[in-house]
Amino acid sequence: MKKYSLLYDGLLELKDKIDATFVIIPRYEAEPLKELFDFAIILEKKYKIQHLLAYASLFIGGGGTINLEATYFGTPVISTRSFISHYDKYVVDVGLMKWVNDKDSLVNTALKLIGKRFDELAQNVWGSMKVDLDFLTDTILKAKDLKRY
């Protein structure tokens, strides 16, 4: 119910500058967004949205996990989150996500990124990650033995 002006004002300006279908994935209620964004498709139910993330021309998000999921697919991502976590910093540093904190930056960055793909970069970044299961298992078992949960 609280208006998030960076994102809301940015979307209202972008609708006049780009020819695109806007799809809004509400975190909570869809109804208040329907009036404000009558030009957009507002998802009313929970869906598996991986295909939407994978094929979007641009993803603008205020969250963490969904932003990362979109970068995995090579979709250009703009984060409007109020802070930068350690994993946000990583994907920003490698070029898979842009972070903005004002409406003008959001609009300008969106105009530059829309339709670009980062498939090769995403494959290089996410495909090169390895998990050392032996190390993780040993660390967890040692912590358990020390009664440090």
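Values quoted throughout were computed directly from the atomic coordinates according to the rules given, and no laboratory measurement underlies them. All figures in this text were calculated on a predicted structure; none of them were measured in a lab. Cβ placement follows ideal geometry from the backbone for every residue including glycine, while neighbour counts extend to all protein chains displayed.
At residue 89 and residue 135, where each label point lies 7 Å from the Cα along Cα→Cβ, what is the point-to-point distance in nanometres?
Spacing of the two 7 Å Cα→Cβ label points: 1.9 nm.
Treating cross-link reach as a plain straight distance, find the aspartates and glutamates whose alpha-carbon is under 19 Å from the alpha-carbon of residue 48, omitting any fewer than eight places away in the same chain.
Hits, sequence-local ones excluded: 29, 69.
List residues of region 68-89, by number, whose backbone nitrogen lies under 19 Å from a label position 7 Å along Cα→C-beta of residue 27.
Residues 68-71, 77-89 qualify, since their backbone N sits under 19 Å from the label point.
With charges set only on the Cβ (+1 for Lys and Arg, -1 for Asp and Glu), what does the dipole of the chain come to about its Cα centre, in debye to the nearest 20?
Details: 21 positive and 20 negative charges, 81 e Å.
Charge dipole, the chain, about its Cα centre: 400 debye, nearest 20.
Which pairs, out of 34/98; 15/98; 17/112; 89/112; 45/89; 45/98, put more than 22 Å between their alpha-carbon atoms?
Working: 34/98 27 Å; 15/98 20 Å; 17/112 12 Å; 89/112 20 Å; 45/89 31 Å; 45/98 28 Å.
Exceeds cut-off: 34/98; 45/89; 45/98.
If you line up the Cα atoms of the chain on their principal axes, what length do they span on each, largest first, in Å?
59, 34, 27
At what distance in angstrom do the alpha carbon centres of region 80-131 and region 1-77 lie from each other?
16 Å
Let me make sure I get this right: for region 51-103, a, b and c are the square roots of the gyration tensor eigenvalues over alpha carbons, sorted descending. Under 1.5 in a/c it's rounded, otherwise prolate if a/b > b/c, else oblate. Which is it? List each step's numbers first, then the result.
Numbers: a/c = 1.78, a/b = 1.39, b/c = 1.28.
Because a/c hits 1.5 or more and a/b exceeds b/c, region 51-103 counts as prolate.
How would you rank 69-79, 4-14, highest first, on the average number of other Cβ atoms within 10 Å across their residues?
On the way: 69-79: 23.2, 4-14: 16.7.
Most protected by this proxy first, the peptides run 69-79, 4-14.
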